[in-house]
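Have a look at the structure below, then the notes.
The values are calculated or read from the model by the stated rules, or taken from the named source; none is laboratory data. No experiment lies behind these values; they were computed from the predicted model shown. A quick note on method: Cβ atoms are made from the backbone with ideal geometry, for glycine too, and the neighbour counts reach across all protein chains shown.
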Amino acid sequence: MSADTHASATSHGHADHGHGHHDEAHSHGSYRSYLTGFILSVILTAIPFWLVMEGVIENKTVTAIVITAFAVVQIVVHMIYFLHMTGKSEGGWSIMALGFTLIVVVIAISGSLWVMYHLNTNMMPTHDMSIRR
């Protein structure tokens, strides 16, 4: 292989084997995307903090649901802007790994809550304070 053929077959010191490592789908983010993610994260943290500290919503259950919704949105922001997870990245494997992780977490949390609830209901002794011995 001549020097001219080798020079045209290489890019940035290595051969391009058609993997396209430098395309937009594999970018590691720009300053603007990191700044956008940071600003969204600060906003999604400040709003629930304000809701709790000022007592904007009187019902504690509704407040907890709203804070949980903000937390889920913030998780999505982190996955997109900081972990660079999209449907195209790594051929969809990162999304599949995320789905599997979510299934395992839901099973672990729901199973733990179910066990704790039934232990509390079935194992705690009940005391009737009206009966004197």
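Some notes on this structure:
- Any hit, segment 84-93, residues being surrounded by 10 or more Cβ atoms within 10 Å (Cβ to Cβ), at pLDDT below 80 and of a type in the set (Ser, Thr, Tyr): yes
- Selection of first residues in segment 42-65 that are touching a residue at least 12 places away in the same chain (Cβ under 8 Å) and surrounded by 12 or more Cβ atoms within 10 Å (Cβ to Cβ) and of second residues that are of a type outside the set (A, V, I, L, M) and part of a helix (DSSP H, G or I), restricted to Cβ pairs under 6 Å at least 6 apart or on distinct chains, gives the following pairs, ordered by first then second residue: Leu44/Phe70; Leu44/Gln74; Pro48/Phe70.
- None of Ala97, Ala108 is at pLDDT below 90 and part of a helix (DSSP H, G or I) except Ala97.
- Hits in segment 71-93 - residues which are under 12 Å from the mean Cα position of the chain (by Cα) and not in a loop (DSSP other than H, G, I, E, B): Ala71, Val72, Val73, Gln74, Ile75, Val76, Val77, His78, Met79, Ile80, Tyr81
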